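Colleague: Pasting a structure below so you can have a look.
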Amino acid sequence: MNALNRRSLLGLAGGMAALSLAGCASPARPSQRVVVIGGGFGGATAAKYIRLWAPEIEVVLVEREAAFVSCPLSNLVLGGSQTIEGLTTGYGALQSKYGVRVVRDEALAIDPDKREVRLARGDALRYDRLIVSPGVDFLYNEVPGLESAEAQARVLHAWKAGPQTVALRRQLEALPDGGVYALHIPKAPYRCPPGPYERAAQVAFYFQQHKPRSKVLVLDANPDIVSKKGLFLKAWSERYPGIVEYRPNSALVSVDAGQNLIQLQGESVRAGVLNVVPPQKAGRIATGAGLLSGGKKWVGVDYQTFESLAVPGIHVLGDATLSAPGMPKSGFMANNHAKVAADAVIAVLTGRAPNPVPVIANTCYSFVSDTDVVHVASVHRYDPEKKTLVVVPGSGGLSSQANDTEGRYARAWARNIWADALL
Amino acid sequence: MTTWKPWLAAFALAPAALTALAQSHSQDAQIRVAAASCAACHGTNGVSLGGIPAIAGVDQRQLLEKLLAYKKGELPATVMHQHAKGYSDAELAQLADFFSRQKR
């Protein structure tokens, strides 16, 4: 069908639909509104792409922070080759270039019956379709000793890029040469599977130059390195010999923040800088809205549309979702979820069928120095029989070795994906 | 809950024309979403800010030859050979066509 025919057919369909509607309802329908909660890799991308693909739909993005700070590349702030400012992008272009209404507020509750989002400060927002991209919340109740705000301010997570990232860098700078940095990793699944191991390499990179007698102690609750195992082991042993020590099966019992002491099953470790990445679940708004699935931590979604399995009309993206098999909780994946969801939302609101077989992909780059990078990649295709996204057999894989070509690609990737979401 | 507008239109429009319309729309949407996945590295609609090749406005045949060569492992790559293997030849042709029609 050529473009002209399609257009005339569209006009006809529109006219007929209006005619047949006129008998039972008002023919002039007000513009439809999508509300997006959360302006991270998932939410910002969804907001932009709905406006790109369907400018007739109104989009309101609710975000509590003034600017987006990228978790990818934030370990480089600890290593010293990146500033936090360089990871920060404002929401201005979403509003000025794409007509997204950006509301700086906090979403407190969702009423799926009234189709409203209640905000901390502003008036409730009505929606025709809701997208929730809330990221992760930390389960401090599973880390005895870190329940108080005071303890959390001393033993940092730095697992959401921003002030904590900068504060952890300051703690590392204040550590005397010969001091120990200990990193505790929670049981998978958690945000960014290779992130902790990249962090170990970045802190080792910093120590090698400035504190060569210092040590990086990786205390992993998992039985083994969760992602890119061989590549990280090689990087640690060849680039930072004697600096990085890895201890698997290090289940956390408790933390004494005043003493920088971590109690594990069978041993306790005192560190100069103690960094505990707490266990995680879907961001808080998902809990209140009744979106959580069986395990009560993550949101089960229909992977063809990213619509919640528990509450119809709400699409959920990114780290908060109950990940499909072989799918990491990454910014890249959240960006790709957003595009499938944006298209599905447009399909619902314009009355066409959703994309029958979405195909999305992932590439996670990890820096093992200031220049050299290793990646893991995968392609995921919707399987209508299994009703989930599955890794395409034969697709994806790892870097053969750390290299600086991919280091340049990783930095270019970051600029492009930030722009893809926000600029 | 979802209200499906096609049911309304179906009364007014010949079924064959409706099916053709729906198919062309969902095919467009499908390739648009698949192409949007590429944008995570190559920039929105393939317009890269630099460092990673821009693929917007590249000749369809040239782009397809490259993608097929990546898929067969005939062209050295860091990651593209691993991505290309996730798509059928027909899908790679559609992607190449999509990006060839984007403005640089």
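Just so it is clear, none of the values below were taken in a lab; they were calculated from the coordinates. Just so it is clear, the model here is predicted, and its values are computed rather than measured. For neighbour counting, all protein chains shown are included, and Cβ atoms are generated from backbone atoms with ideal geometry for every residue, glycine included.
Colleague: Given H placed on each backbone N at 1.01 Å, which residues far from A:T321 in sequence or on other chains put an amide H within less than 5 Å of it?
Modeller: Residues meeting the criterion, in which the H sits 1.01 Å from N, are A:V299.
Colleague: Based only on other Cβ atoms within 10 Å, what is the fewest-to-most ordering of A:K211, A:K339, A:K97?
Modeller: With the sparsest Cβ surroundings first, the list reads A:K97, A:K211, A:K339.
Colleague: While we're on this one: If I build a Gaussian network model for chain A, linking alpha-carbon pairs within less than 10 angstrom, which residue out of A:G242, A:G294, A:G331 has the largest mean-square fluctuation?
Modeller: A:G294
Colleague: Would you tally the net charge around A:K97, using a Cβ to Cβ cut-off of less than 12 Å, leaving A:K97 out, and scoring K and R as +1, D and E as -1?
Modeller: Counting the neighbours of A:K97, the net charge comes to +2.
Colleague: Hey, got the average number of other protein chain Cβ atoms within 10 angstrom for residues in A:42-50?
Modeller: Per residue, the number of nearby Cβ atoms from other chains is 1 on average.
Colleague: Starting from the stretch A:100-165, pick out the GluC sites (Glu not before Pro) whose DSSP state is loop and whose Cβ has at most 14 other Cβ atoms within 10 Å.
Modeller: A:E147
Colleague: Once you sort the root eigenvalues of the Cα gyration tensor of the stretch A:81-179 as a ≥ b ≥ c, which label holds: rounded (a/c under 1.5), prolate (a/b larger than b/c) or oblate (the other case)?
Modeller: Oblate, since a/c reaches 1.5 and b/c is not below a/b.
Colleague: Also, quick follow-up: What's the magnitude of the charge dipole for the stretch A:241-317 around its Cα centre, counting Lys and Arg as +1 and Asp and Glu as -1 at the beta-carbon? Answer in Debye, nearest 20.
Modeller: Here the size comes out at about 120 debye.
Colleague: On to the next question. How much of the DSSP beta bridge set in the stretch A:48-173 is antiparallel, as a percent to the nearest 5?
Modeller: Of those bridges, close to 70 percent are antiparallel.
Colleague: What would the Debye equation give as log₁₀ I(q)/I(0) for the protein assembly as shown at q = 0.08, 0.10, 0.11, 0.13 Å⁻¹, counting only Cα atoms as equal point scatterers?
Modeller: Debye output, listed in q order: -0.53, -0.81, -0.97, -1.32.
Colleague: Which percent, nearest 5, of DSSP beta bridges in the protein assembly as shown are antiparallel?
Modeller: Among the beta bridges of the protein assembly as shown, antiparallel pairing accounts for roughly 55 percent.
Colleague: Report the relative contact order of chain A, percent, no decimals, based on alpha-carbon pairs under 8 angstrom and at least 6 residues apart.
Modeller: Dividing the mean separation by the residue count of chain A yields 17 percent.
Colleague: Oh, and also: What relative contact order, as a whole-number percentage, does the stretch A:184-224 give when Cα pairs under 8 Å and 6 or more residues apart are counted?
Modeller: Over the stretch A:184-224, the number comes to 64 percent.
Colleague: Pairs of alpha-carbon atoms within less than 8 angstrom and 6+ residues apart define the contacts here; what relative contact order does the stretch A:140-278 have, in percent?
Modeller: Reported as a whole number, the value is 34 percent.
Colleague: Quick one: A:W413, A:W53, fewest Cβ neighbours within 10 Å first, how do they rank?
Modeller: A:W53, A:W413
Colleague: Given the pairs A:K187/A:K215; A:K160/A:K211; A:K160/A:K187; A:K211/A:K297; A:K97/A:K296, which are separated by over 28 angstrom at their Cα positions?
Modeller: The answer is A:K211/A:K297; A:K97/A:K296.
Colleague: Given B:A35, A:A271, A:L389, which one lies farthest toward the positive end of the charge dipole of the protein assembly as shown, if we put +1 on the Cβ of every Lys and Arg and -1 on the Cβ of every Asp and Glu?
Modeller: Towards the positive end, the residue furthest out is B:A35.
Colleague: Ignore the peptide's own chain and count Cβ atoms of other chains within 10 Å of each Cβ in A:412-421; give me the average, rounded.
Modeller: 6
Colleague: Before rounding to the nearest 500, sum -39500 (n - 2.57) across all DSSP H runs of length at least 4 in chain A and divide by the residue total; then give [θ] at 222 nm in deg cm²/dmol.
Modeller: -9500 deg cm²/dmol
Colleague: Here's a follow-up. Other chains near A:357-363: what is the mean number of their Cβ atoms within 10 Å of each residue's Cβ?
Modeller: 6
Colleague: Less than 13 Å Cβ to Cβ from A:T388, Lys/Arg counted +1 and Asp/Glu -1: what total charge do the surrounding residues give?
Modeller: Summing Lys and Arg as +1 and Asp and Glu as -1 gives 0.
Colleague: Report the charge-dipole magnitude of the protein assembly as shown in Debye, nearest 20, computed about the Cα centre from +1 at each Lys and Arg Cβ and -1 at each Asp and Glu Cβ.
Modeller: 660
Colleague: Something else now. Could you tell me which of B:N45, A:F205, A:P163 has its Cα farthest along the dipole of the protein assembly as shown towards the positive end, charges placed at Cβ (Lys, Arg +1; Asp, Glu -1), taken about the Cα centre?
Modeller: Farthest towards the positive pole: B:N45.
Colleague: Evaluate the distance, in nm, between pseudo-label points positioned 7 Å from the Cα of A:D370 and of B:K103 along their respective Cα→Cβ axes.
Modeller: It works out to 4.0 nm between the two label points.
Colleague: Would you mind checking A:K329/A:K386; A:K228/A:K339; A:K329/B:K85; A:K48/A:K329 for any pair whose Cα atoms are more than 24 angstrom apart?
Modeller: A:K228/A:K339
Colleague: Starting at 0 and stepping by 10 Å, how many percent of the alpha carbon pairs of the stretch A:169-254 end up in each bin?
Modeller: Cα pair-distance distribution for the stretch A:169-254, in percent: 18, 51, 29, 2.
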